[in-house]
């Protein structure tokens, strides 16, 4: 009997999508170790243009390690007491560190630092994007990583009544902050309706060629008072036209509407954003807007000559840094081809992007960029 | 017979207090990997006040990862040839790295970088403290981490003649130093009498509810000539009223007397410090003094209504930055509650602290702080 | 039968020269984790002198961790799809990260960041050097680590027709660069004749006491246009007399001739270098030259009283920072004793070095240095 049990027990060492897994004999401890390397070639430039000056930079041929990640997760003492941390080896930055208490599907609790679930685009791992990287509008609207606590869960009322929710209190000082500027915090909420009654995973593309369609409609909002007008992996920062402020200088309110849909190799995603910045010192208001639409398809589903693991995807993104100013508009048009050797875990992406910046007072600028990226997880 | 042996052999993978353990089949190699995450909420401030100005800072509500550690240890080639390193992921600092040659209990040898065993409070891991963190006086008196070599061991003459000793030669340039300022080194010694004939582990509290009392009396002293008047995780630094000096500018002599005692859930610890700083350029002498007394108890030992894993602990610490000046005194009074889910490896601590700073020429200042901390090792 | 197979299959955990090894049951994934710690004592200084001023520095006694490395390698999805990364914990630098496609011995492909195979001395790991560290000339001539792609392989025509080759296109911006200065790249090639028909491993000394002699003659060349005149672990830098330039300011052409030979405990290595720097702004040309000769022997091969694991080695290196100037010459004479407890994986080295700097206009300077180093891999 004991021998039978030992056969059913998971192996002490195995490999899964989360890397190598190690278990103790009692099932109290699980340790998962994974690495991910992302290599990128770009010309004439890797970064999206931010200002009109960025179009006149010297053209370069760039090859670099773009991401080198060490991921460690698992559970300790109880199967529902989970931990996870992720370290960026190239920049020596601790990205994620969090403890998750996941006893019931409808009520989970997490604290530490992680990517706030504000937008689907940002929350999807950089290793599971559909294009080489996120869209032009991510820079202005993402909350990126924050420190704090969150409640989240899935409310399944049967049939189409299937909702995911997130409610968080965060310090709103960005990744790696070791102090808060004042006693004002960031508050965030997101409600997601899984309108076909089943969840849609946070990953780009429909690699599983889902036989059952899945879709979401989500709304998310956040408010924060801090010295910052934007957030990135580097922590709190400033949008163009703003400087890093004093404690509590900027009150930022923002919301977004999001859709996503997967079916038989076709995938769709969109976000529509508004963001309002109030400078508490000068009392000046600024409104920002933007959206993207993105779709991908495995053409091998309809054309026999097309390789099965080759996906084609396209995106349009538009960003208006100031909704009160007429004719200021930044546009990204992108076309990408993904060849999935082992799904998102081992893939190559070729991407062509056309940027166009317009403004009433400046000459229209455009640029075409090519990027090739190889991403491997192990 | 071989099969019998293989049953007695430790498993290739197991989990202990030092994390996951991996072994080769010959028993020549052992690798231990553990992580530790410490989350802290503090208001109005996390850091102990250092100057009178620190009492007038803007009040904040702070939540942060306070420590994120990766610990790797084991032995290689021989069971007595041990290695250990510890990396702080949040700050990207290599904290410990050392090789230990531990063949005989009475004569061990270690080299590399580690926390000098000068005081019990500093040497106890931040994950095994009795309060949220170390006392007010630690900042001024700790030698923190240093690089060098040490001899140490336990001399057991039977009965109450039980002593531990440490003798070290160190560069005295602090954590992470890659050069020494001059040819003068740091010398350190510590003698500890285990006066009840048995050792007392370096950890806060008597979680084991020891049925046999243990106690120590220790004396430690150190001398160093360097540009620094204090040490911390950041390396060499300066006390208030001092600046980072020239090579060999400060000669610092210091000693301390220490006691600790554990019995049936009760624990006691104390340190009494003196430190003498000679500025070799100005020839000025400064004397510093301080002490702390600390006690904890599992009240569940006497009250049946009190939860067994809940410890209450209290501490008083007083620090005089200059013994020649009358009435300069900094006081910390702290009360803490520890709930040990899995001993020190998974615990939550709530702490209230009252700080009072007095000085002849300045207005008396005080502040009450609350901190909540969750600490998990895996 | 299945039981027989499981006996032949490698163990899920084992320990090799590459550290602990973990395997999945299907043989698709291999993970190797190793650490290396290197401790060094030096007096009066650790760094080689670079300028005449370095001879008048304050003498110090230095003990430090010199290297603390975490090495992670293995294969994923296919046995021939290999990955490797190496992180310097003391400096928090990602050193190597690369993917290797190694299906055929004669045609391999690698991309990422690694030590360019320009010189044998630099390519040999710091843990497998014959002396405490590389020679005086390494600083001026190494290409160090670069990012890019390389083709390499072994061409074995039978008998003495045995060649290794490397051809690379690199960004030429040094370790850790995240951008390239312009569209000009670094090109590198190396051809190595294994003139006794068998390979010679990239490691110092003949620890295996080879019964069959091995030898190489190699020629390597590189060209690069960048702001830099030298490279090191810190990335791109400048030689004395140069400043960090503008994008594309310096065109550097260089070549070297190399020999190495191992037989019955005797080992030999040499390099002869030329480097030509053209400043594209001032149009000034500078030519640099240098060489080293190095030999080692296990005297236990001829003297019975000499301990078997004790090797003695000697090196002469000379460097001329400017071949057009007469009488400028920097000389290093070094003598080292290696005691190999477990080959290069656990060894102690004692080294005496004599530096002499000469120049027409400056007083001749010399200095004798002693260094003791312990290096352990696990």
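Modelled label positions at residue A:314 and residue C:47, each set 7 Å beyond Cα in the direction of Cβ, lie 5.7 nm from each other. Would you compute, from DSSP H runs of 4+ residues alone, the mean residue ellipticity of the protein assembly as shown at 222 nm, taking -39500 (n - 2.57) per run and dividing by the full residue count, rounded to the nearest 500? Result for the protein assembly as shown, helices only: -1000 deg cm²/dmol.
Plainly put, the tip 7 Å out from Cα toward Cβ on residue A:335 is 7.2, 7.2 nm from that tip on each other copy, the closest given first.
Normalised radius of gyration (Cα atoms, divided by 2.2 N^0.38 Å) for segment A:128-191: 1.45. The distance separating the Cα centre of segment B:195-241 from that of segment B:354-378 comes to 21 Å.
Let's test the formula: R0 of 51 Å, r as the Cβ-Cβ distance of residue A:339 and residue C:56. What FRET efficiency results, to the nearest 0.05? For residue A:339 and residue C:56, the calculated efficiency is 0.25. Dividing the mean sequence gap of close Cα pairs (under 8 Å, 6+ apart) by how many residues chain C holds gives a relative contact order of 13 percent.
Its relative contact order, with pairs defined as Cα atoms under 8 Å and 6+ residues apart, puts segment B:1-151 at 15 percent. With its label point defined 7 Å out from Cα along the Cα-to-Cβ axis, residue A:302 lies at 8.1, 8.1 nm from the matching points of the other copies, in increasing order.
Residue exposure proxy: A:156, A:53, ordered by other Cβ atoms within 10 angstrom of their Cβ from fewest to most, comes out as A:53, A:156. Across all Cα atoms of chain C, the radius of gyration (one decimal) and Dmax (whole number) stand at 21.7, 81 Å. Rg of the Cα atoms in segment A:225-333, relative to 2.2 N^0.38 Å, amounts to 1.46. With neighbour counts taken as other beta-carbon atoms within 10 Å, the residues C:75, A:273 rank, fewest first, as C:75, A:273. Sorted from shortest to longest, the distances between the residue B:364 label points of this copy and the other copies are 7.5, 7.5 nm, with each point 7 Å from Cα along the line through the beta carbon.
Within the listed set A:134, A:98, A:364, the residue fluctuating most in the Gaussian network model of chain A (springs between alpha-carbon atoms under 10 angstrom) is A:364. On the rotation that sends chain C to chain B, the chain C Cβ lying closest to the axis gives residue and distance in whole Å as C:92, 2. To the nearest Å, what is the center-to-center distance of segment A:275-312 and segment B:123-175, using C-alpha atoms only? Going from one Cα centre to the other spans 56 Å. Straightening the chain between residue C:282 and residue C:358 buys 24.6 nm, computed as 0.36 nm per residue apart minus the Cα-Cα spacing. Across all directions, the average projected area of the convex hull around the alpha carbons of segment A:114-269 is 9.5 nm². Taking every C-alpha pair closer than 8 Å and separated by at least 6 residues, the mean separation divided by the residue count of segment C:60-136 gives a relative contact order of 18 percent. Gyration tensor over the Cα atoms of the protein assembly as shown: the corresponding equivalent ellipsoid has semi-axes (square roots of 5 times the eigenvalues, largest first) of 44, 44, 33 Å.
Exposure proxy ranking for B:345, A:347, based on other Cβ atoms within 10 angstrom of each Cβ and starting from the fewest, stands as B:345, A:347.
All of the numbers you see were taken from the coordinates with simple rules; none came from a lab. Predicted model, so just to flag it, every value in this text is computed and none were measured. In this analysis, Cβ positions are derived from the backbone assuming ideal geometry, glycine residues included, and neighbour counts consider all displayed protein chains.
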